[in-house]
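J.: Please find one structure pasted underneath; my questions will follow.
The values are calculated or read from the model by the stated rules, or taken from the named source; none is laboratory data. In this text the structure is predicted, and so the values were computed from the model without any measurement. Cβ: placed from backbone, ideal geometry, glycine included. Neighbour counts: every protein chain shown.
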Amino acid sequence: MMSVAVIAYHRGMGRWEPNARGRLEMAGLELFIERGYEQTTVAEIAKRAGLTERTFFRHFADKREVLFGGSASLQELLVSTVADAPAGTHPHDAVAIAIEAAAARLQERRDYAQKRNAVIAANAELRERELIKLASLASALAEELRRRGVKEPTASLTGETGIAVFKVAFETWVDASNDREFTEIIRESVEALKAVIAG
C-alpha cells in the first residue's frame, strides 16, 4: 500500500478525480475484451482511464482485481441483508432474500456483467479466482447464519446452496438469449431448489 499522496495529472485530470475506480474498471474490461487479459498491462489500463499507475494501485492490488473489486461490496450486501432479516426467519429464506437483493443491485449492470463473464470464461486463472470469490461469499453467509444462532451443518449448507443458486441464476441471466430480470431468475431458481429438496 502506498502511504505517500502523490498528485499526478494526465489529460488535465487529477489523481483524486471522483470515480477513478469505476473508470479503471471500465478501461480494464474494454482492454481485456480488445486485447485479451494476459496481453493487457496495468500501464495500459491506467492510460486508457486517463490516470496514473500509482492511482491504479491505490484502488487495485493487481489487474485481476479490476474484475473482482466489487466482491467486497457484494459480500457486505449479502451479509447485511441476512443480518437484517427478522428474528425467526428460516435460514434458507434469509439467504434467498439476500441473493435476490444482490441480483437487484446487479440488474442495471447486465452489459458489464456479460462482458466480464466472457473475459473470465476465457482464462483459467480468472475462473479459479471467481470460484475462490464465490466460496468466500458462501463462507460469509454461513458465518452470519451462525451468528444468528443457526447450527452446523445447516449454516454451511445454506450458505453454499445459496451461492450455488446465485451462480446458476447468474449464468442464465448473462446468457445473450435471456430477456428476464435477474431477480425473477433468482426466485425461480430458489423454487426449483425447494422442489428438489422436497423430492
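J.: Scan the range 1-21 and give yes if some residue there is at pLDDT below 95 and within 16 Å of the chain's Cα centre (by Cα), otherwise no. I'd like the intermediate steps shown before the answer.
T.: In the first step, residues of the range 1-21 are kept if they are at pLDDT below 95; the result is 1-21.
Still in the running and within 16 Å of the chain's Cα centre (by Cα): 21.
Yes, because at least one residue in the range 1-21 is at pLDDT below 95 and within 16 Å of the chain's Cα centre (by Cα).
J.: A further question follows. So which of ALA103, ALA94, ALA124 is in the same structural domain as GLY162 (by TED's automatic domain parsing), of a type in the set (A, V, I, L, M, F, W, C) and surrounded by fewer than 19 Cβ atoms within 10 Å (Cβ to Cβ)?
T.: Working: ALA103 fails: surrounded by fewer than 19 Cβ atoms within 10 Å (Cβ to Cβ); ALA94 fails: surrounded by fewer than 19 Cβ atoms within 10 Å (Cβ to Cβ).
Going through ALA103, ALA94, ALA124 in turn, the sole match is ALA124.
J.: Could you please give the count of residues in the range 146-198 that are of a type in the set (A, V, I, L, M) and touching a Phe, Trp or Tyr at 6+ places or on another chain (Cβ under 6 Å)? Reasoning before the result, please.
T.: From the range 146-198, those of a type in the set (A, V, I, L, M) are 150, 155, 157, 163-165, 168-169, 174, 176, 185-186, 190, 192-193, 195-198; that's our starting set.
Okay, now just the ones that are also touching a Phe, Trp or Tyr at 6+ places or on another chain (Cβ under 6 Å), so 185.
Here the count works out to 1.
J.: If THR40 satisfies all but one of (1) surrounded by fewer than 17 Cβ atoms within 10 Å (Cβ to Cβ); (2) without any contact (Cβ under 8 Å) to a residue 24 or more places away in the chain; (3) closer than 17 Å to ARG129 by Cβ, what's the number of the condition it fails?
T.: The one condition THR40 does not meet is (1).
J.: Limited to the range 88-116, what total is found for residues that are hydrophobic (A, V, I, L, M, F, W, C) and free of Cβ contacts under 8 Å to residues at least 24 places away in the same chain?
T.: 1
J.: Against the definition (in a helix (DSSP H, G or I), out of contact with any helix residue (DSSP H, G or I) (no Cβ under 8 Å at 6 or more places or on another chain) and in contact (Cβ under 8 Å) with a residue 40 or more places away in the chain), how does ARG54 come out, yes or no? Give the steps one after another, and end with the answer.
T.: Numbers: in a helix (DSSP H, G or I): yes; out of contact with any helix residue (DSSP H, G or I) (no Cβ under 8 Å at 6 or more places or on another chain): yes; in contact (Cβ under 8 Å) with a residue 40 or more places away in the chain: yes.
Spelling it out, ARG54 is indeed in a helix (DSSP H, G or I), out of contact with any helix residue (DSSP H, G or I) (no Cβ under 8 Å at 6 or more places or on another chain) and in contact (Cβ under 8 Å) with a residue 40 or more places away in the chain.
J.: Still on this structure, I have one more. Would a scan of the range 88-107 turn up a residue that is out of contact with any helix residue (DSSP H, G or I) (no Cβ under 8 Å at 6 or more places or on another chain), at pLDDT below 95 and assigned to a loop (DSSP other than H, G, I, E, B)?
T.: Yes, the conditions are met somewhere in the range 88-107.
J.: Checking ALA176 against (1) touching a residue at least 12 places away in the same chain (Cβ under 8 Å); (2) surrounded by fewer than 17 Cβ atoms within 10 Å (Cβ to Cβ); (3) not in a loop (DSSP other than H, G, I, E, B), which test does it fail?
T.: (3)
J.: Kindly indicate the residue of the range 118-134 that is in contact with a helix residue (DSSP H, G or I) (Cβ under 9 Å, 6 or more places away or on another chain) and charged (D, E, K, R) and also farthest from ILE33 (Cα to Cα) among those meeting that condition.
T.: That would be LYS133.
J.: Oh, and also: Return the residues of the range 130-173 that are of a type in the set (Gly, Ala, Ser) and either crowded, with 19+ Cβ neighbours inside 10 Å or in a helix (DSSP H, G or I) (or both); say none if nothing qualifies. I'd like the intermediate steps shown before the answer.
T.: Filtering the range 130-173 for residues of a type in the set (Gly, Ala, Ser) gives 135-136, 138-140, 142, 149, 155-156, 159, 162, 164, 169.
Answer for the range 130-173, where residues must be of a type in the set (Gly, Ala, Ser) and either crowded, with 19+ Cβ neighbours inside 10 Å or in a helix (DSSP H, G or I) (or both): ALA135, SER136, ALA138, SER139, ALA140, ALA142, ALA155, SER156, GLY159, GLY162, ALA164, ALA169.
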